[in-house]
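The structure appears right after this line, and notes come after that.
The values are calculated or read from the model by the stated rules, or taken from the named source; none is laboratory data. Since the model is a prediction, treat every value here as computed from it, not as a measurement. Neighbour counts run over all protein chains shown; Cβ positions are idealised from the backbone, glycine included. Only protein heavy atoms, including side chains, enter the accessible area calculation; ligands, DNA and RNA are left aside. Shrake-Rupley method; radii C 1.70, N 1.55, O 1.52, S 1.80 Å.
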Amino acid sequence: MRYSTFNQTNANPLGEPMFFGNPVNVARYDQQRHSIFEKLIEKQLSFFWRPEEVDVSRDRVDFQAMTDSEKHIFISNLKYQTLLDSVQGRSPNIAFLPIVSLPELETWIETWSFSETIHSRSYTHILRNLFSDPGKVFDDIVMNDQICRRATDISRYYDDLIFHTQLWQTHGEGDITIDDVTYHVTVRELKKKLFLCMNSVNALEAIRFYVSFACTFAFAEREMMEGNSKIIRLIARDENLHLTSTQHILNLWQYGDDDPEMKEIAEELREEALEIFTSAVEQEKQWAAYLFENGSMIGLNKEILCQYVEYIANLRMQAIGLDPQYNQTSNPLPWMNKYLVSDNVQVAPQEAEISSYLVGQIDSEVSAGDFGDFDL
Amino acid sequence: MSETFKVRVNQLPVIEVPADGSQSLLEALEAAGIETRYHCRTGFCGACRSKLHEGEVEYVNDPLAYIRPGEVLPCICIAKSDLILDH
Ligand code: FES
Ligand SMILES: [Fe+2]
Ligand SMILES: [Fe+2]
């Protein structure tokens, strides 16, 4: 079925499934099949922030005082997060927009992807402050073995879904041969790919960031790299919301009334979904090992970080109806929570470390005289 | 002593929580020394998700995290009766 940017079929949006129904035509929110997605849009917009609001200039001194192994930990994490947000800043749009059928979900996907682009921009903001030429750090992302290995796993489910959707939208269902390879394209196969892809994205949002987050907040516990930590807290808050959205989608397929075929597929591919999750957990543990290969940092080591990954993995697995797989039921890093609480993370104009508070305000030239008698 | 509800969490000894809604259920559990799980504390992340086996709660904020039947988000609800839950 060829994609149309304004599908003229008059479908009833309340009867459409989340994906693989009719393409969306009118972007209307007066009637909604799954109104949760509009609430997520509102929440995401209320979280809006800009990297430039956070002054990271003091981090430079802290960074220079770090040991080599700490520098390795810090920079490697930034590279990995850059990879994750590079993928997330485009892929939900490219993979899900061509097949989405509800306006509220379509707009959520766009809002979600947009917030990931803010994350990407913030890494450049952080690195520009630490290096006069951050180019080398970025260049290494596509050359570093450890990162590339993760990139393959993260992008393959997206790429597979995108490619088969393109085949279906240009050729329809059936056997399609391209460069001597024959692809068997059916909507059911596409739905399976969508299900696996959503599970992979869910695992990404659920656990892939948390080893890096824990390192950042461990530095913050020592009052180091606090500008950076402030940015990562804002990112963590966004990621939590993204995670809620993928959990909603997976649960709506399994428990809600959305698409009965997706419900069947969720049952059929339960083992694969579990496997996607546990292999993401294993990769994160390997990442922790790589980070600490030259030595650990105060307050953290590989073992405790792996326990933390298992602890949150259990929570995240239960949230999508999978059985928790790990023994770690108590939180080995209790101080993490205070950085993940949403109320503690307001970017306030009165905070001294914020250099340019411009949110909701017109960024224009104002002369001192314009303020009249105001004492600022 | 003001009115309280009796709450049993994870088969631990019963605790008492204020019945006047002055604390979220999560805060009440913490005040009683129970190890809690949470991130956002405002109802959107789902980290505090708990199973409610018996009793009634009331939400003071609109929950955004997915709640399956039998589950509650203690960070944004208050106890409305005696409770039995897994956290
Ligand atoms: S702590 Fe986030 S929903 Fe309760
Ligand atoms: Fe992100
Ligand atoms: Fe995200």
Members of the range B:31-44 found to be open to solvent by 10 Å² or more (accessible area, probe 1.4 Å) and either free of Cβ contacts under 8 Å to residues at least 40 places away in the same chain or not in a loop (DSSP other than H, G, I, E, B) (or both), listed by number: B:Ala31, B:Ala32, B:Gly33, B:Glu35, B:Tyr38, B:Arg41, B:Thr42
Residues that are in a helix (DSSP H, G or I) and either touching a Ser or Thr at 6+ places or on another chain (Cβ under 7 Å) or open to solvent by less than 30 Å² (accessible area, probe 1.4 Å) (or both), drawn from the range A:14-39: A:Ile36, A:Phe37
Across (1) free of Cβ contacts under 8 Å to residues at least 12 places away in the same chain; (2) in contact with a strand residue (DSSP E or B) (Cβ under 9 Å, 6 or more places away or on another chain), A:Gly135 clears everything bar (2)
Which residues, taken from the range A:231-262, are assigned to a helix (DSSP H, G or I), free of Cβ contacts under 8 Å to residues at least 60 places away in the same chain and out of contact with any helix residue (DSSP H, G or I) (no Cβ under 6 Å at 6 or more places or on another chain)? A:Pro260
Determine which member of the set B:Arg37, B:Arg68, B:Arg49 is more than 10 Å from ligand 1 (Cβ to nearest atom), at negative phi and of a type in the set (Lys, Arg). B:Arg68
Among the residues in the range A:314-324, are any away from every other protein chain (no Cβ under 14 Å) and assigned to a helix (DSSP H, G or I)? no
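Conditions tested, residue by residue: (1) more than 13 Å from the chain's Cα centre (by Cα); (2) surrounded by fewer than 22 Cβ atoms within 10 Å (Cβ to Cβ); (3) of a type in the set (A, V, I, L, M).
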position: A:Gly174; (1), (2), (3): yes, yes, no
position: A:Asp180; (1), (2), (3): yes, yes, no
position: A:Thr186; (1), (2), (3): yes, yes, no
position: A:Ala206; (1), (2), (3): no, no, yes
position: A:Ala214; (1), (2), (3): yes, no, yes
position: A:Phe217; (1), (2), (3): yes, no, no
position: A:Glu239; (1), (2), (3): no, no, no
With respect to B:Ile78, determine if the residue is more than 10 Å from chain A (Cβ to nearest Cβ), farther than 22 Å from A:Glu38 by Cα and surrounded by fewer than 19 Cβ atoms within 10 Å (Cβ to Cβ). no
Enumerate the pairs (first residue in the range A:146-160 and in contact (Cβ under 8 Å) with a residue 40 or more places away in the chain; second residue anywhere and among the acidic types (Asp, Glu)) with beta-carbon separation below 8 Å, excluding pairs fewer than 6 apart on the same chain, so at least 6 apart or on different chains. A:Ile147/A:Asp140
Do you know which residues across the range A:45-88 are within 16 Å of ligand 3 (Cβ to nearest atom), open to solvent by 10 Å² or more (accessible area, probe 1.4 Å) and part of a helix (DSSP H, G or I)? A:Leu45, A:Thr82, A:Leu83, A:Ser86, A:Val87
Restricting attention to the range B:19-30, and to residues there that are open to solvent by 40 Å² or more (accessible area, probe 1.4 Å) and more than 14 Å from every other protein chain (Cβ to nearest Cβ), which single residue is farthest from ligand 1 (Cβ to nearest atom)? B:Asp20
Selection status of B:Glu58, out of contact with any helix residue (DSSP H, G or I) (no Cβ under 6 Å at 6 or more places or on another chain), away from ligand 2 (no atom under 16 Å from the Cβ) and not in a loop (DSSP other than H, G, I, E, B): yes
Quick one: which of A:Ile109, A:Ile118, A:Ile126 is in contact (Cβ under 8 Å) with a residue 12 or more places away in the chain, in contact with a strand residue (DSSP E or B) (Cβ under 8 Å, 6 or more places away or on another chain), open to solvent by less than 40 Å² (accessible area, probe 1.4 Å) and of a type outside the set (Ser, Thr, Tyr)? A:Ile109
Inside the range A:307-317, can you point out the residues that are open to solvent by 20 Å² or more (accessible area, probe 1.4 Å) and touching a Lys or Arg at 6+ places or on another chain (Cβ under 7 Å)? A:Leu315
Residues that are within 16 Å of ligand 2 (Cβ to nearest atom), on the phi < 0 side of the Ramachandran plot and within 14 Å of another protein chain (Cβ to nearest Cβ): does the range A:150-158 have at least one? no
Can you tell me which of (1) touching a Ser or Thr at 6+ places or on another chain (Cβ under 9 Å); (2) among the hydrophobic types (A, V, I, L, M, F, W, C); (3) within 16 Å of ligand 2 (Cβ to nearest atom) is the one A:Ile162 doesn't meet? (3)
